[in-house]
1. Of all the residues that make up segment 7-24, how many are out of contact with any Gly (no Cβ under 9 Å at 6 or more places or on another chain) and either near the ligand (Cβ under 8 Å from one of its atoms) or assigned to a strand (DSSP E or B) (or both)?
2. Could you please tell me which pairs satisfy a Cβ distance under 7 Å, a separation of 6+ or placement on different chains, a first residue in segment 121-132 that is over 12 Å from residue 162 (Cα atoms) and among the charged types (D, E, K, R), and a second residue that is within 13 Å of the ligand (Cβ to nearest atom) and part of a loop (DSSP other than H, G, I, E, B)?
3. When residue 65 is evaluated against the numbered criteria (1) within 13 Å of the ligand (Cβ to nearest atom); (2) more than 23 Å from residue 276 (Cβ to Cβ), which criterion, by number, is the only one it fails?
4. Can you pull out the residues in segment 146-172 that are basic (Lys, Arg) and in a loop (DSSP other than H, G, I, E, B)?
5. Of these, 175, 195, 190, which one is in contact (Cβ under 8 Å) with a residue 12 or more places away in the chain and assigned to a helix (DSSP H, G or I)?
6. Here are some residues: 43, 52. Which one is more than 29 Å from residue 177 (Cβ to Cβ), charged (D, E, K, R), more than 16 Å from the ligand (Cβ to nearest atom) and surrounded by fewer than 17 Cβ atoms within 10 Å (Cβ to Cβ)?
7. Got a sec? Which of 256, 234 is on the phi < 0 side of the Ramachandran plot and assigned by TED's automatic domain parsing to the domain that holds residue 85?
8. Step by step: first the residues of segment 230-261, then only those that are among the aliphatic types (A, V, I, L, M) and farther than 30 Å from residue 274 by Cβ, then the one that is farthest from the chain's Cα centre (by Cα). Which residue is that?
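The values are calculated or read from the model by the stated rules, or taken from the named source; none is laboratory data. Keep in mind that this is a model prediction, so the values were computed, not measured. Counting neighbours? That spans all protein chains shown, and the Cβs are built from the backbone with ideal geometry, glycine included.
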Amino acid sequence: MLLYIHIPFCDSKCHYCAFNSYTDKFHLKHNYMKALVKQLEIELKYLDDNNEKFETVFIGGGTPSSVKFEEYEKVFELITPYLKEDCEITSEANPNSASKKWLEGMKSLGVNRVSFGVQSFDNNKLKLLGRSHNSKSAITAIQNANCIGFNGINCDIIYGVQGDRFDSLKDDFDTAFSLPITHLSAYSLTIEEGTKFFNKSEVKIDDEELSYEIFDYIKSCGFDQYEISNFAKAEKFQSKHNYGYWQHKEYLGIGAGAVGYKNNQRYYPSKSIEEYISNPLNYEVENLSNDDIKVEKVLLGFRCSTGVELSIFSQKELEKVNDLILDNRLKKDKTKVYNLNFLLADELALYIIE
Ligand code: SF4
């Protein structure tokens with residue numbers, strides 16, 4: 001069982017961002033955190049009933065570092081009895097608000113991994129993206145996290161943005177790898193409806209060759225790719241939380257705009273902070289059929305190194321799997337099949353599934 005906690009506050013809205021986050025509702029932070037605790041108290045009963053514990057916790061957003069660490073105390077008080085030994089506890093953070101004090105506070109509560117939304121070390125690119133930090137503050141935040149002693153430090157970098165060339169991205173990766181990070185997420189920009197970039201298609205570069213070049217370069221720097229956008233310095237630094245999603249594990253989703261998954265159902269608490277505060281248990285529920293679950297397992301399994309259980313395929317589908325193995329697109333062992341090119345994940349999955 002995994003736990004996701006959503007913090008929907010941000011200092012400013014990035015131009016590409018479609019996440020559920022607000023820049024003008026800071027006065028609601030305290031009541032929001034109280035509502036989180038209320039939802040969590042109820043949801044934890046599911047763990048009692050199933051005699052389960054959390055393998056991972058992920059505090060995401062929005063910007064978790066825009067909320068004082070003291071506001072998380074009650075959350076950690078509640079979840080601590082439910083944490084497995086060696087539970088990976090990650091918090092996302094933005095370089096401008098992840099002060100040394102905040103990082104120390106979160107570490108003292110139990111956070112052992114921190115993920116920084118750096119996106120670039122080029123101040124012009126950061127401006128184009130609408131980020132509220134600069135290169136220097138990103139470097140300082142990562143160095144502080146290392147001094148404080150987090151087990152894992154991730155740095156997000158975005159690519160496929162107007163003006164990106166391999167050389168400029170290489171500069172970003174070189175700066176990232178000169179810092180004490182253990183994990184790198186390299187995401188291709190996507191243009192989403194409702195963002196400042198929507199209707200500005202010129203800000204996005206679609207260049208598959210560039211993606212392959214980037215992947216090769218990151219790997220040559222000693223970071224292994226284990227998912228389409230994720231690279232780790234060693235297996236122990238892979239994000240167990242994300243891996244849990246890709247393995248289709250159950251997760252509690254706590255917070256406005258979070259998503260939970262249990263008993264073959266997805267549930268969605270309200271996205272509105274005000275509505276969430278007034279009733280954090282008001283969910284929309286989506287039932288997943290066995291076919292939905294199968295499609296998700298194949299799509300997710302092919303996007304990362306976890307692979308897909310052979311037992312979920314029909315005879316006809318297995319024939320297609322075998323064709324793709326002969327074609328060197330997939331490989332298999334006794335129980336699973338693995339994709340050899342994550343960029344082709346969707347294409348291969350849709351070809352195989354009937
Ligand atoms: S910091 Fe993250 S969540 Fe907040 S606006 Fe930027 S991309 Fe969106």
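1. Looking only at that region, the number is 2.
2. Correct list of pairs: 131/14.
3. It is condition (2) that residue 65 fails.
4. Scanning segment 146-172 gives a single hit, 165.
5. Within the list 175, 195, 190, the selection yields 175.
6. Selected residue: 52, the only one of 43, 52 that is more than 29 Å from residue 177 (Cβ to Cβ), charged (D, E, K, R), more than 16 Å from the ligand (Cβ to nearest atom) and surrounded by fewer than 17 Cβ atoms within 10 Å (Cβ to Cβ).
7. Testing whether each residue is on the phi < 0 side of the Ramachandran plot and assigned by TED's automatic domain parsing to the domain that holds residue 85 leaves just 234.
8. That would be 234.
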